[in-house]
Amino acid sequence: MSALIIFGLFVVLMATGMPISIALGMTVLSFVFTMTNIPVDIVAQKLFTGIEKFEIMAIPFFILAGNFLTHGGVARRLIKFATSLIGHWHGGLGLAGVLACALFAAVSGSSPATVVAIGSIILPAMQAQGFPPKFGAGVVTTSGALGILIPPSIVMVMYAVATTGMQMTGPSGERVSSASIGQLFIAGIVPGLMLAFLLGLTTWYRAWKYGYPRLAKANWLERWAAFKDSIWGLLLIVIVMGGIYAGMFTPTEAAAVAAVYAFIIAVFIYKDMGLKDVPKVLLSSANMSAMLLYIISNAALFSFLMTNENIPQAMTQWIVDLGLGTIGFLLLVNLLLLMAGNVMEPSSIVLIMAPILTPVAVRLGIDPLHFGIMIVVNMEVGMCHPPVGLNLYVASGITKMGISELTVAVMPWLLAMLVFLGIITYIPAVSLFLPRLLGM
């Protein structure tokens, strides 16, 4: 009954058009003051302790790094490098867009940032070369979603933060620990590359089918020149992932290093950004970080209320008693997350759903690392379909196309993403292969 009241109130508040973060806080306060004896000072305390975790500092740093890279000319150089490699294949610029999105995703950690950085450059070039606007929009909108699957990923940090310290037990009653940020980053590499391949294959097939243009083949000297020009951006991938796995720094420290490195290459090496532009980037990053941190603090308060009312434990037992089994449970979770993606943005979904669903998954014998990657892929799909698909709105601003028109444009790639979601859901080895190989 408590769960029904809490979620019912939350849905009603969201239906009024209230921002999700405020709806979360208002739900908790309304329930606490009318139906519990929890002291008010505990509520205030939980709001602050919700963002007290060291891992959360990775979020503003990755946002800052992504903004420096977006404004600092890195995207343009990555597109040039990608074009030199595969621009001569069918749908050359479209394929280069997919590869450039994958490369930029590996340095930014943000899906909207990837769409803006790559889309604002490659979409005008594709239209000038004769590609239909819908084709380019479909490529960039869906490939931009790689930003939250290919590490580093802000959504992975959210999942790790939401499940850290949870008391979880496996099928035999054994204690199971949650997935760390470092484990999630490593686990996202193979799925990220696999999805990039599927999106590229879809792009190539449609370009081949409809006879879209391709570029002249670049020689090896041109490829080497493009590689040298983009090397400073590509090095960030090595610094972040190599540094984390080598034990040189934690994911949070890696985010700080990434932000400083991105500032240096944008201002002093590529010089596409002047010192006078830095305050604007800092302010933009601060605004985005404040929004996410406010959501996190209210989500932490929401999780506290759920735990206080024993709702996760009760839901775990209820779902186990339903006898759905692993296959049925995973299907139910996918449907639930895809429906949530219709009305909420990824950060809120992860922070609310992960603490509830992960203990159930662990109880059914599902690895929390595999489950975390599955949730991230669901968030990717949610960013590319209406009504609140964030990538659709970002792409709409670049292409000047309506949301309904964009929805039709992304459909072939969206179907490929749904097929990939099925693979990730029911073949855990795709997510767990690399962490196991590296002894993680």
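Between amide H atoms placed 1.01 Å from N, distances below 5 Å from S110 occur with no residue 5 or more places distant or on a separate chain. For segment 237-349, the Stokes-Einstein estimate of translational diffusion at 37 °C and a viscosity of 0.692 mPa s comes to 178 µm²/s, using the Kirkwood hydrodynamic radius over alpha-carbon pairs. Roughly speaking, to the nearest percent, how much of the chain's 1.4 Å accessible area is carbon and sulfur? Answer for the chain is 70 percent, counting heavy atoms of protein chains only. Residue by residue, segment 174-191 carries 3J(HN,Hα) couplings of 6, 6, 10, 8, 6, 7, 8, 4, x, 4, 5, 4, 5, 5, x, 5, 5, x Hz when phi is fed to the Karplus relation 6.51 cos²θ - 1.76 cosθ + 1.60 (θ = phi - 60°); x denotes Gly or Pro. Backbone N atoms of segment 366-383 closer than 18 Å to the 7 Å Cα→Cβ label point of E174 belong to residues 366-371. Labels on offer are [x] 21.8, 73; [y] 33.9, 107; [z] 22.9, 68, and the one holding Rg and Dmax of the Cα atoms in Å computed from this structure is [x].
A P(r) calculated from all alpha carbon pairs of segment 74-167, with 10 Å bins opening at zero, reads 18, 46, 22, 9, 4, 1 percent.
Rounded to the nearest whole angstrom, the semi-axes of the ellipsoid equivalent to segment 284-440, taken from the Cα gyration tensor as √(5λ), stand at 28, 21, 16, largest first.
With each run of n ≥ 4 DSSP H residues scored as -39500 (n - 2.57), what mean residue ellipticity at 222 nm is computed for the chain after dividing by its residue count and rounding to the nearest 500 deg cm²/dmol?
Values: 21 runs with 320 residues, N = 440.
When only DSSP H runs of four or more count, the value is -24000 deg cm²/dmol.
Amide H contacts under 5 Å for L364: none, restricted to partners 5 or more places along the chain or on a different chain, H placed in the peptide plane at 1.01 Å from N. Its Cα gyration tensor gives segment 295-385 an equivalent ellipsoid, and the semi-axes of that ellipsoid, as √(5λ) in whole Å with the largest first, are 20, 18, 11. Listed values for segment 17-34 are Karplus-derived 3J(HN,Hα) couplings in whole Hz (6.51 cos²θ - 1.76 cosθ + 1.60, θ = phi - 60°), namely x, 5, x, 4, 4, 6, 4, 4, x, 5, 4, 4, 4, 4, 5, 4, 6, 9, and x replaces Gly and Pro. Can you give the FRET efficiency to the nearest 0.05 for L235 and L331, using r as the Cβ-Cβ distance and R₀ = 41 Å? After rounding to 0.05, the efficiency reads 0.50. Computed on protein heavy atoms with a 1.4 Å probe, the accessible areas place K53, K209 in the order K209, K53, largest first.
Using a Gaussian network model of the chain in which every pair of alpha carbons under 10 angstrom is joined by a spring, one finds that among V40, V190, V74 the greatest mean-square fluctuation is at V40. Here the alpha carbons of segment 90-136 define both size measures, Rg and Dmax, at 10.6, 31 Å. Exposure here means at most 11 other Cβ atoms within 10 Å; with GluC sites (Glu not before Pro) in a DSSP loop as sites, the longest stretch of the chain lacking them is 175-440. On the principal axes of its alpha carbon atoms, segment 1-97 extends 67, 30, 20 Å, with the longest extent given first. Across segment 221-229, coupling constants 3J(HN,Hα) worked out from phi with the 6.51/-1.76/1.60 Karplus curve, θ = phi - 60°, read 5, 5, 5, 5, 5, 5, 5, 4, 5 Hz, and Gly and Pro carry x.
The distance between label points at K134 and L201 comes to 2.4 nm (points 7 Å beyond Cα on the Cα→Cβ vector). Charges only on Cβ, +1 for Lys and Arg, -1 for Asp and Glu: so what's the dipole of segment 241-325 about the Cα centre, in debye to the nearest 20? Roughly 400 debye for segment 241-325.
Taking 15 Å as the cut-off, the amide N atoms of segment 52-92 that come nearer than this to a point 7 Å along the Cα-to-beta-carbon line of L282 belong to 61, 64-65, 68. When Rg and Dmax are taken over the Cα atoms of segment 163-205, they come to 16.6, 49 Å. For the chain, the longest principal axis of the Cα atoms and the long axis of helix 311-322 meet at an angle of about 80 degrees. The label point for A429 and the one for K217, both projected 7 Å from the Cα toward the Cβ, are 3.6 nm apart.
For helix 40-49, what angle does its Cα long axis make with the longest principal axis of the chain, in degrees from 0 to 90 and rounded to 10? The angle comes out near 30 degrees.
Compute the semi-axes of the equivalent ellipsoid of segment 150-264, taking the square root of 5 times each eigenvalue of the Cα gyration tensor, and list them largest first in whole Å. Display every interim value, and only then the final one.
Details: eigenvalues 261, 106, 22 Å².
Output for segment 150-264: semi-axes of 36, 23, 11 Å.
Relative to the longest principal axis of the Cα atoms of the chain, the long axis of helix 278-308 makes an angle of roughly 30 degrees. Taking amide H as placed 1.01 Å from N in the peptide plane, M168 has its amide H under 5 Å from the amide H of V176, each at least 5 places away in sequence or on another chain. Plainly put, segment 354-440 has a radius of gyration that is 1.10 times its Kirkwood radius, both from alpha-carbon atoms, as the Rg/Rh ratio.
Can you give me the accessible area per residue for the chain, using a 1.4 Å probe, in Å²?
41
The values are calculated or read from the model by the stated rules, or taken from the named source; none is laboratory data. Here the structure is a predicted model, which means the values were calculated and not measured. Glycine gets a Cβ as well: all are built from the backbone with ideal geometry, and neighbour counts include every protein chain shown. Ligands, DNA and RNA are excluded from the accessible area calculation, which covers all protein heavy atoms including side chains. Shrake-Rupley method; radii C 1.70, N 1.55, O 1.52, S 1.80 Å.
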